[in-house]
Structures are given as structure tokens and as C-alpha cells.
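Have a look at the structure below before the remarks.
The values are calculated or read from the model by the stated rules, or taken from the named source; none is laboratory data. Predicted model only: the values in this text are computed from it and were never measured. Methodologically, a virtual Cβ is constructed for each residue, glycine included, from the backbone with ideal geometry; neighbour enumeration extends over all protein chains shown.
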């Protein structure tokens, strides 16, 4: 298990990677109306970038869990988080 600092650093890295991926998603797919508008290469890059962005969600959930365990926080309502 990562330490709290290691988990925070890992999440920061995922944030940076997701931001770069979002720029690519925007540049590649921002003007596409349908899937067929992509070349094969564009589509592969688009899907890879989308997966990178979705990895951020997983990293944030791991961070929330790690912070909860480390600081003994219980989240009862959305507004508590």
C-alpha cells in the first residue's frame, strides 16, 4: 500500500497526464460529429487518451479511500466530501 504522500504524488501525476490527454481529446475529437469522422490512427489515439482521463477517476477514488483510512474520515453525504 502506498503511503499517503505517495498516493498524493501518484494522483498529481495522474492529473497532469489526464490534462495532457484532455488536450489531445479536444484537438482530435472536438470537431468530429460521428465515429466515422476519425481516421483509424485518430481513433486509436482518442481511445487511449480517453482511457487516460478515466484513469484519473480511479486515482481520485484511491486517494479518497487512502485519505479516509489515514485520517479516519467517514463520508456520509456528498456535501461532506
query = within 15 Å of the chain's Cα centre (by Cα), more than 30 Å from residue 76 (Cα to Cα), assigned to a helix (DSSP H, G or I) and at pLDDT 95 or above, is that true of residue 7?
reply = no
query = Somewhere in the stretch 61-81, is a residue under 13 Å from the mean Cα position of the chain (by Cα) and loosely packed, with under 12 Cβ neighbours inside 10 Å?
reply = yes
request  = Scan the stretch 23-54 for residues that are touching a residue at least 24 places away in the same chain (Cβ under 8 Å) and touching a helix residue (DSSP H, G or I) at 6+ places or on another chain (Cβ under 6 Å) and jot them down.
outcome  = 24, 25, 49, 52, 53
ask   = Considering the stretch 59-81 alone, what residues qualify as being in contact (Cβ under 8 Å) with a residue 12 or more places away in the chain and within 23 Å of residue 17 (Cα to Cα)?
value = 59, 60, 62, 63, 64, 66, 67
